[in-house]
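See structure below.
The values are calculated or read from the model by the stated rules, or taken from the named source; none is laboratory data. From a predicted model like this one, the values you see are computed outputs, not experimental measurements. Virtual Cβ from ideal backbone geometry, glycine too; neighbours counted across all protein chains shown. Quick note on the areas: whole protein, heavy atoms, side chains included, nothing else; ligands and nucleic acids left out. Shrake-Rupley method; radii C 1.70, N 1.55, O 1.52, S 1.80 Å.
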Amino acid sequence: MQSIKERDMFLQDVSVTILAKNSEKYLKEVLKALTSFGEVILYDTGSRDHTIEIAQSFSNVRIIQAEFIGFGPTHNMASAAAKNNWILSIDSDEIVTPELIKEIAEQTADIKTVFSFPRHNYFNGKFIRWCGWYPDRQIRLYNKTKTKFSDDQVHEAIISESMRHVALKAPIIHYSYGSIADFLSKMQSYSNLFACQHRGKRKSSFGKALSHGFFAFFKSYILKRGFLGGYEGYVISAYNAHTAYYKYLKLYEANCELEKYRN
């Protein structure tokens, strides 16, 4: 069994990376949970609130200010800046629990292994167990000498093919959407990035946008039992539907503009 000192030594070899922009709402709580780690990279892409000031108050946090170039590539830029090879990637609204830190510290550092953990998502003060939001397992701990994030603009993921996968039990807490405005803001951002990523590579149409939107609502509200979540379940399902609809509608628009340019 590892001693507390041995666990702390292992955590000193893990760099935590966080992409941030106007992330003041939860950032202090996020960073307080990470004081056991030797290095935290806050990769800021243009904050205009108190994000930088909050980060500066933590001695293990190193701030890098740079341009956002899509989620996958920006994650990889953040990990490249880290001094350690082991990377724990979290979002600026995710809280690493003490139980997860303890479980991470107890792992064997095999560089060909990626580690996942469940993510507990909260909306409107409630733990959401429906709409596909639970258990929401995420692969987030990896060795950057063996793998990295995909280069996708949105819906990026750590490349785990040919890697050993260890599923940890302790969760991370995620305060994904604080208000309806957050839903609308993320819908706009994600749909724009999706259209940019797939323009000229994937076909779309108004009918395809409608069908994707309808199925997204059906999947979230019926198949993933969003109806059990009351108001929150309906709002999340409607958000999933609108996001899918506008992703493909914007892609259709982008493809039409590209076709006009080529002609």
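Residues of the range 153-206 that are part of a loop (DSSP other than H, G, I, E, B) and closer than 16 Å to Tyr252 by Cα: Arg199, Gly200, Lys201, Arg202, Lys203, Ser204, Ser205.
Being of a type in the set (Asp, Glu) and either assigned to a helix (DSSP H, G or I) or within 30 Å of Glu232 (Cβ to Cβ) (or both) is the requirement here; does Glu67 meet it? Criteria not met by Glu67.
This table checks each residue for (1) in a loop (DSSP other than H, G, I, E, B); (2) out of contact with any strand residue (DSSP E or B) (no Cβ under 7 Å at 6 or more places or on another chain); (3) open to solvent by less than 20 Å² (accessible area, probe 1.4 Å).
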residue: Leu19; (1), (2), (3): no, no, no
residue: Leu34; (1), (2), (3): yes, no, yes
residue: Ile41; (1), (2), (3): no, no, yes
residue: Ser47; (1), (2), (3): yes, no, no
residue: Pro73; (1), (2), (3): no, yes, no
residue: Lys83; (1), (2), (3): yes, no, no
residue: Leu100; (1), (2), (3): no, no, yes
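Every residue, every condition in (1) part of a helix (DSSP H, G or I); (2) free of Cβ contacts under 8 Å to residues at least 40 places away in the same chain; (3) under 26 Å from Lys186 (Cβ atoms), yes or no:
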{"residue": "Phe10", "(1), (2), (3)": "yes, no, no"}
{"residue": "Asn22", "(1), (2), (3)": "no, yes, yes"}
{"residue": "Lys25", "(1), (2), (3)": "yes, no, yes"}
{"residue": "Ser89", "(1), (2), (3)": "no, no, yes"}
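Count of the range 118-144 residues, restricted to those that are over 16 Å from the mean Cα position of the chain (by Cα), under 20 Å from Ile90 (Cβ atoms) and among the polar types (S, T, N, Q), is 1. How many residues does the range 212-253 hold that are buried (at least 20 other Cβ atoms within 10 Å of the Cβ) and either of a type in the set (A, V, I, L, M) or outside any helix (DSSP H, G or I) (or both)? Residues in the range 212-253 being buried (at least 20 other Cβ atoms within 10 Å of the Cβ) and either of a type in the set (A, V, I, L, M) or outside any helix (DSSP H, G or I) (or both): 7 in total.
Can you tell me which residue among Ala81, Ala33 is at pLDDT 95 or above, closer than 30 Å to Phe194 by Cβ and over 15 Å from the mean Cα position of the chain (by Cα)? Residue meeting the stated conditions: Ala81.
Of all residue pairs spaced 6 or more apart or on separate chains, those with beta-carbon atoms under 6 Å, a first member in the range 98-109 that is within 12 Å of Leu141 (Cβ to Cβ) and at pLDDT below 95 and a second member that is aromatic (Phe, Trp, Tyr) and open to solvent by less than 90 Å² (accessible area, probe 1.4 Å) are Ala105/Phe10.
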